[in-house]
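Structure record follows, encoded as structure tokens.
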Amino acid sequence: MSSSNQYLLNRLPLGIVVLDTDDRVVSYSGEVAKIFGSTNMERAIGKTIQAIHPEHSRSKIEWLIAQARDDHSSEYASMLISVPDTILQLRMVRLSSGDGDAGFCLILYDITDLTSSPVDSESSRRSLVKIPISTHGRIALVGMDQVTLLRANGHYTDVCVDGNHHLCGIPLSELEARLDPNEYVRVHRSFIINMARAESIDRDHGQYFITMSGSCTHAIPVSRGHVARLKELLGV
């Protein structure tokens with residue numbers, strides 16, 4: 001790892017939440033209180049970590065704990081979540097004592113500054129410049145200019161890079177809110193495309209499709225409501 005990358009990693013805001021063996025919150029660090037709010041975290045003490053998350057996120061947290069608890073999996077499990085204006089990488093580590101398991105340690109890395117930049121000095125909104133993807137058992141950051149298309153996959157997103165599909169733990173709708181709408185365009189409820197990699201638009205039996213250049217050779221369906229704007233952006 002280069003010294004510059006090591007410097008960036010050392011500067012990442014780091015939060016910690018300690019859980020007991022029943023997944024209940026025991027304690028937390030100041031950085032966690034900054035992210036989720038001091039009052040919310042005070043109320044979380046004694047409650048399960050699943051209970052303090054929105055219902056659509058609970059399955060992710062349960063998976064994270066199950067992976068950390070599994071003797072045959074890695075000694076820690078990792079995943080991504082997105083909260084307003086913040087992107088977090090989570091790691092769950094199982095704790096042990098002389099008498100057996102002692103609970104879990106949830107470690108939160110705030111990777112917002114590594115993945116996005118402020119839109120302007122007067123706005124709190126941030127624009128995504130790198131997208132975090134899961135690849136070969138680790139989280140990698142890929143420049144948005146390398147992405148051909150994004151496809152909805154439940155509460156996750158499939159990311160096509162050089163013909164290969166990777167999983168991002170952030171839903172498509174949340175990614176869309178962080179992207180330039182003139183460069184990364186929603187063409188269908190399930191697809192956002194990189195306009196720089198759009199090759200052609202065709203019509204077949206009343207359905208429009210857009211073809212992407214490079215290794216991602218998928219013909220992407222275009223919803224009727226998006227056709228006019230897409231044609232305008234393509235100049236056709």
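Coordinate-derived values only; no laboratory data. In this text the structure is predicted, and so the values were computed from the model without any measurement. All Cβ positions, glycine included, derive from the backbone under ideal geometry; neighbour counts span all protein chains shown.
A compact table of results
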| read-out | value |
| --- | --- |
| Equivalent ellipsoid semi-axes, the chain, via Cα gyration tensor eigenvalues times 5, rooted, Å | 38, 19, 17 |
| Dimensions (Å) - the range 3-110, Cα atoms, principal axes, largest first | 41, 34, 26 |
| Value at 222 nm in deg cm²/dmol, rounded to 500, when DSSP H runs of n ≥ 4 in the chain each add -39,500 (n - 2.57) | -6500 deg cm²/dmol |
| Where labels lie 7 Å past Cα in the beta-carbon direction, separation of residue 189 and residue 102 in nm | 5.0 |
| Intensity falloff of the range 122-189 expressed as log10 I(q)/I(0), Debye formula with alpha-carbon point scatterers, at q = 0.14, 0.20 Å⁻¹ | -0.39, -0.80 |
| Computed lengthening from residue 29 to residue 229, 0.36 nm per intervening residue step minus Cα-Cα distance | 67.3 nm |
| Fraction of the pair-distance distribution of the range 169-236 above 18 Å, Cα-Cα pairs, percent | 33 |
| Cα→Cβ-extended label distance, 7 Å offset, between residue 85 and residue 138, nm | 3.2 |
| Stokes-Einstein D (µm²/s) once Rh is taken as the Kirkwood radius of the range 114-234 over alpha-carbon pairs, at 4 °C in 1.567 mPa s | 87 |
| Cysteines, the chain, no other Cys beta-carbon under 4.7 Å | 105, 168 |
